[in-house]
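Below is one structure, written out as structure tokens, with a few remarks after it.
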Amino acid sequence: MERVTGRLIQMYGNIVNFLRKCVFYILSVGPIPNHIAFIMDGNRRYSKRLNLMQGAGHKVGYSALMSMLKYCYELGVRYVTIYAFSIDNFKRSPEEVQSLMDLMLDKIEELLREESIVNRYGIRVYFSGNLKLLNEPVRLAAERVMLATAKNSKAVLSICVAYTSTNEIVHAVRESCEEKCDEIALLNSSGGYEPDESDHLIKVTDIEKHMYMAFAPDPDIIIRTSGETRLSNFLLWQSANCYLYSPSVLWPEIGFRQFLWAILNFQRTQFYLDKKRKQL
């Protein structure tokens with residue numbers, strides 16, 4: 001009986017996978033987003049709604065994340081960014097922060113396993129943010145994953161931890177100013193340098209190359225669950241002309257239907273968004 005049940009489950013899974021690939025094949029006729037970003041909102045509310053233990057919602061949310069990553073890379077989305085932990089999250093209770101750090105450490109180490117989604121799809125992983133704010137075990141684990149996946153080139157996963165856009169922008173401006181001061185000092189020391197006003201200007205491109213997210217193009221879609229339409233200090237610099245989708249489901253509840261609807265709406269608005277980008 002168990003053997004028959006196992007075969008039926010496997011057969012059902014194969015049919016679902018086949019149908020999903022058929023849907024993706026049809027979607028590929030239209031424009032496919034190059035970069036999708038996720039704000040994973042609603043893990044704590046999910047736990048409270050179901051009277052689960054603290055942190056249980058984040059564990060279920062991790063399974064939802066793995067499904068979203070699989071859908072993205074099967075569809076051909078090259079860049080995926082997730083908002084995993086804001087700098088503001090450090091203001092939560094020490095017990096909750098420690099619980100989240102422990103969970104993060106466990107899931108980061110999972111990425112190093114041979115059968116992980118990172119190795120199956122050839123994904124290069126970046127951890128973006130002020131990593132100095134992380135505790136040492138998490139920071140070292142993140143560095144190991146980035147080093148281990150550095151040669152992967154099929155897709156990119158950016159995990160924003162200890163991140164806010166304001167911190168990213170301040171960091172980039174500070175780095176740009178220091179770089180410009182070094183350039184001017186070098187020119188002065190070489191002799192015969194006649195200063196020009198334009199030499200002292202910091203351009204937008206100077207700032208952008210020092211952003212935490214400088215390695216990735218601007219997102220085409222930002223998906224935030226739980227029905228919220230706020231960006232919560234996430235990719236503010238990069239999201240001027242992207243499509244924001246806010247399904248009402250909490251993050252652990254997100255599924256293929258919400259993902260499909262996001263892609264269809266993006267394809268419907270993509271012409272307008274491209275037109276706005278070209279006007280800049």
For this session: Report, by residue number, each residue of region 73-116 that is free of Cβ contacts under 8 Å to residues at least 60 places away in the same chain, farther than 17 Å from His58 by Cβ and within 16 Å of the chain's Cα centre (by Cα).
Result: Gly76
For this session: Specify the residue that is farthest from Asn17 (Cα to Cα); the eligible residues are those in region 49-73 that are among the small types (Gly, Ala, Ser) and open to solvent by less than 30 Å² (accessible area, probe 1.4 Å).
Result: Gly55
Exercise. Do we find a residue being polar (S, T, N, Q), part of a loop (DSSP other than H, G, I, E, B) and either modelled with pLDDT of 90 or more or buried (at least 17 other Cβ atoms within 10 Å of the Cβ) (or both) anywhere in region 24-47?
Worked result: yes
Exercise. In the list Glu179, Glu96, Glu175, Glu143, which residue meets the criterion of being in contact with a His (Cβ under 7 Å, 6 or more places away or on another chain), of a type outside the set (A, V, I, L, M) and closer than 26 Å to Phe234 by Cα?
Worked result: Glu175
Problem set entry | Close pairs from region 124-139: first over 18 Å from Ser153 (Cα atoms), partner at pLDDT below 95 and in a loop (DSSP other than H, G, I, E, B), Cβ under 9 Å, at least 6 apart | none
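Let's see how each residue does on (1) of a type in the set (Asp, Glu); (2) more than 30 Å from Cys177 (Cα to Cα); (3) more than 16 Å from the chain's Cα centre (by Cα):
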| position | (1), (2), (3) |
| --- | --- |
| Asp220 | yes, no, no |
| Ile223 | no, yes, no |
| Ser226 | no, yes, yes |
| Leu236 | no, no, no |
| Leu260 | no, yes, yes |
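The values are calculated or read from the model by the stated rules, or taken from the named source; none is laboratory data. The model shown is predicted, which means the values in this text are computed figures rather than measured ones. Heads up, the Cβs are rebuilt from the backbone with ideal geometry, glycines too, and the neighbour counts pull from every protein chain shown. We work out accessible area using only protein heavy atoms, side chains counted, and drop any ligands, DNA or RNA first. Shrake-Rupley method; radii C 1.70, N 1.55, O 1.52, S 1.80 Å.
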